[in-house]
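Chemist: A single structure is presented below for examination.
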Amino acid sequence: MDTQKTVPPHNEAVSPAYRNYVLFILTLVYAFNFIDRQIIGILSPFIKADLGLNDAQLGWLKGFYFALLYTVVGIPLAWLADRYSRVNIIGISLTLWSGFTAASGLASNFTQLALARIGVGIGEAGGSPPSHSIISDLYPKEKRAGALAIYSMGIPFGIMLAFFASAFFLRGGSADWRTVMYAVGLPGILLAILLKFTVKEPKRSGNLQSAAAQAKSWESIKTLLKIKSWWGMCLAISFSSFGSYAISTWMIDFYVRAHVGLDLTWLLITIGVINGTAYAGGVWLGGALVDRFAKHHRGVYGYIPALAMLVGAPAYFLSLYVESLNYSIALLTILLFATGSYLGPSFALAQTLAPVKVRAMSTALFFFVLNIIALGGGPTVVGIVSKALTEEYGQIEALRLSLSWLALPFALSILAFAWTGRNIPSDWEEAEKRNA
């Protein structure tokens with residue numbers, strides 16, 4: 001039984017100030033999630049030099065080893081989140097992933113660092129599904145895309161803070177990468193304590209007497225997996241994130257190799273600012289536009305991300321081949337703005353279409369598919385391909401070519417977003433009937 005105190009659902013007397021506070025804390029937790037997830041990509045050149053790793057090994061660390069148990073553990077944790085205290089699950093998970101991030105700084109070889117990355121993945125599996133479920137209980141579906149877009153700002157802000165922390169501790173290139181691991185990992189444990197003592201477990205919203213709520217969990221999951229636009233959005237964000245995760249973990253390596261002698265501190269701060277502005281702006285705008293126009297046509301949940309990626313994907317491809325570092329970063333900025341636009345709509349749709357009994361499970365299954373394809377595949381495939389091409393093309397061109405092939409999953413994501421937009425109206429109507 002869930003023994004924590006409860007607060008009323010969003011359709012009763014919930015204080016707007018408290019609701020916004022919970023959203024702020026959960027967004028901060030999500031930021032720490034991405035600080036700890038991103039940091040290895042930023043420190044990659046230093047880890048490579050210190051431990052003598054090749055690109056394939058770095059790819060395994062950035063992608064597959066992190067995703068290995070992250071994808072699997074997320075499902076049983078979501079099952080628990082649909083039944084027990086989501087606040088407790090988030091707090092314990094945050095403590096685990098923060099502790100393993102700090103422990104990464106103790107690694108002296110590839111195997112030890114791989115085990116630490118697996119531990120970070122296990123912890124982070126318990127972050128988003130229960131958080132999405134809590135937000136969906138505190139905000140009505142008409143405001144859910146905007147609320148989850150704000151929550152999703154934890155991604156760009158977390159990445160920004162990871163770049164800033166790296167720039168601070170690595171200024172001049174003299175500090176040990178291990179110090180950065182300690183510095184970004186340990187504060188997460190303090191945040192877990194704050195969460196535990198200031199956030200109450202909300203009462204689950206929705207009509208709990210409906211057929212959807214009374215159905216067995218497995219029946220609800222089977223219903224969820226028959227929804228076409230759920231699958232369409234899941235695959236669309238997976239293909240796009242395949243490229244995004246690969247870029248976020250390999251672009252620093254590419255810039256360091258392609259622009260010898262660059263000011264690393266300047267680069268880290270610049271990329272951090274871009275994530276905190278352009279990427280965050282895309283996240284906010286995507287959620288705001290969908291909340292505004294979805295009342296006229298539900299298909300905008302898919303059409304707006306498709307249009308954004310039609311602009312962002314070509315800009316990214318060009319960024320790999322322009323000679324100027326400044327031009328390359330400017331083009332990369334366009335991609336970051338575009339990729340931010342689909343986060344709020346995608347996560348909101350995963351909640352709105354789900355039977356009320358399996359909202360956390362909906363997000364967990366969403367992330368299961370997404371992370372097998374994107375997080376496990378993107379960084380890992382780029383690393384393996386780069387290593388395979390290095391002997392023939394050299395380290396710079398090999399990495400450039402492997403990053404160029406990301407145009408393919410971006411193209412697939414555009415098609416999937418557009419297809420999803422066509423199917424959302426009918427699926428949305430069915431979801432409303434099911435949960436009424």
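Chemist: Among residues belonging to the stretch 147-182 that are hydroxyl-bearing (Ser, Thr, Tyr) and crowded, with 24+ Cβ neighbours inside 10 Å, point out the one that is modelled with the lowest pLDDT.
Modeler: By that ranking, first place goes to Ser152.
Chemist: Now for a different question. Please specify each residue of the stretch 34-54 satisfying the condition of being among the small types (Gly, Ala, Ser) and either outside any loop (DSSP other than H, G, I, E, B) or in contact with a Gly (Cβ under 8 Å, 6 or more places away or on another chain) (or both).
Modeler: First, pick out the residues of the stretch 34-54 that are among the small types (Gly, Ala, Ser): 41, 44, 49, 52.
Gly41, Ser44, Ala49 - these are the residues of the stretch 34-54 that are among the small types (Gly, Ala, Ser) and either outside any loop (DSSP other than H, G, I, E, B) or in contact with a Gly (Cβ under 8 Å, 6 or more places away or on another chain) (or both).
Chemist: Tell me yes or no: at least one residue of the stretch 161-181 is aromatic (Phe, Trp, Tyr) and more than 28 Å from Ala278 (Cβ to Cβ).
Modeler: No, there is no match, as no residue in the stretch 161-181 is aromatic (Phe, Trp, Tyr) and more than 28 Å from Ala278 (Cβ to Cβ).
Chemist: Given the conditions (1) assigned to a loop (DSSP other than H, G, I, E, B); (2) crowded, with 24+ Cβ neighbours inside 10 Å, and given that Arg83 satisfies all but one, which numbered condition is not satisfied?
Modeler: Going through (1) assigned to a loop (DSSP other than H, G, I, E, B); (2) crowded, with 24+ Cβ neighbours inside 10 Å one by one, Arg83 breaks only (2).
Chemist: Taking helices (runs of 4 or more DSSP H) that do not extend beyond the stretch 315-380, which have at least 2 residues that are hydrophobic (A, V, I, L, M, F, W, C) and surrounded by fewer than 24 Cβ atoms within 10 Å (Cβ to Cβ)? Even if it seems obvious, please write down each step before you answer.
Modeler: On the way: elements: 325-340, 343-352, 359-370.
So the answer is 325-340, 359-370.
Chemist: Evaluate the following for Ala308: is it in contact (Cβ under 8 Å) with a residue 60 or more places away in the chain and in contact with a helix residue (DSSP H, G or I) (Cβ under 7 Å, 6 or more places away or on another chain)?
Modeler: Values: in contact (Cβ under 8 Å) with a residue 60 or more places away in the chain: no; in contact with a helix residue (DSSP H, G or I) (Cβ under 7 Å, 6 or more places away or on another chain): yes.
No; evaluated as a whole, the condition is false for this residue.
Chemist: Which of the following residues is more than 19 Å from the chain's Cα centre (by Cα), surrounded by 24 or more Cβ atoms within 10 Å (Cβ to Cβ) and part of a helix (DSSP H, G or I): Ser244, Ser238, Ser248, Ser229?
Modeler: Only one candidate passes the filter, namely Ser229.
Conditions tested, residue by residue: (1) surrounded by 24 or more Cβ atoms within 10 Å (Cβ to Cβ); (2) part of a helix (DSSP H, G or I); (3) touching a helix residue (DSSP H, G or I) at 6+ places or on another chain (Cβ under 8 Å); (4) acidic (Asp, Glu).
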| position | (1), (2), (3), (4) |
| --- | --- |
| Phe32 | yes, yes, yes, no |
| Ala56 | no, yes, yes, no |
| Lys62 | yes, yes, yes, no |
| Ala103 | no, yes, yes, no |
| Leu106 | no, no, yes, no |
| Ala114 | no, yes, yes, no |
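Chemist: Let me ask you something else. Being surrounded by fewer than 20 Cβ atoms within 10 Å (Cβ to Cβ), of a type in the set (S, T, N, Q) and under 18 Å from the mean Cα position of the chain (by Cα) is the filter here; which residues of the stretch 263-309 pass it?
Modeler: Scanning the stretch 263-309 gives a single hit, Thr277.
Chemist: Does Leu195 satisfy the criteria of being assigned to a helix (DSSP H, G or I), among the hydrophobic types (A, V, I, L, M, F, W, C), closer than 23 Å to Ala81 by Cα and free of Cβ contacts under 8 Å to residues at least 40 places away in the same chain?
Modeler: It is false that Leu195 is assigned to a helix (DSSP H, G or I), among the hydrophobic types (A, V, I, L, M, F, W, C), closer than 23 Å to Ala81 by Cα and free of Cβ contacts under 8 Å to residues at least 40 places away in the same chain.
Chemist: Please work out if Phe197 is modelled with pLDDT of 90 or more, aromatic (Phe, Trp, Tyr) and exposed (fewer than 14 other Cβ atoms within 10 Å of the Cβ). Explain how you work it out, then say what you get.
Modeler: Working: modelled with pLDDT of 90 or more: yes; aromatic (Phe, Trp, Tyr): yes; exposed (fewer than 14 other Cβ atoms within 10 Å of the Cβ): yes.
In short, yes.
Chemist: Pick from the stretch 276-290 the residues that are within 18 Å of Ile237 (Cβ to Cβ) and of a type outside the set (A, V, I, L, M, F, W, C): which of them is modelled with the lowest pLDDT?
Modeler: Gly287
Chemist: Identify the single condition in (1) surrounded by fewer than 21 Cβ atoms within 10 Å (Cβ to Cβ); (2) under 16 Å from Phe367 (Cα atoms); (3) of a type outside the set (D, E, K, R) that Phe66 does not satisfy, given that it satisfies every other one.
Modeler: Every condition holds for Phe66 apart from (1).
The values are calculated or read from the model by the stated rules, or taken from the named source; none is laboratory data. The structure presented is a predicted model; accordingly, all values stated were derived computationally and were not measured. Note that each Cβ is placed from the backbone with ideal geometry, even for glycine, and that neighbours are counted across all protein chains shown.
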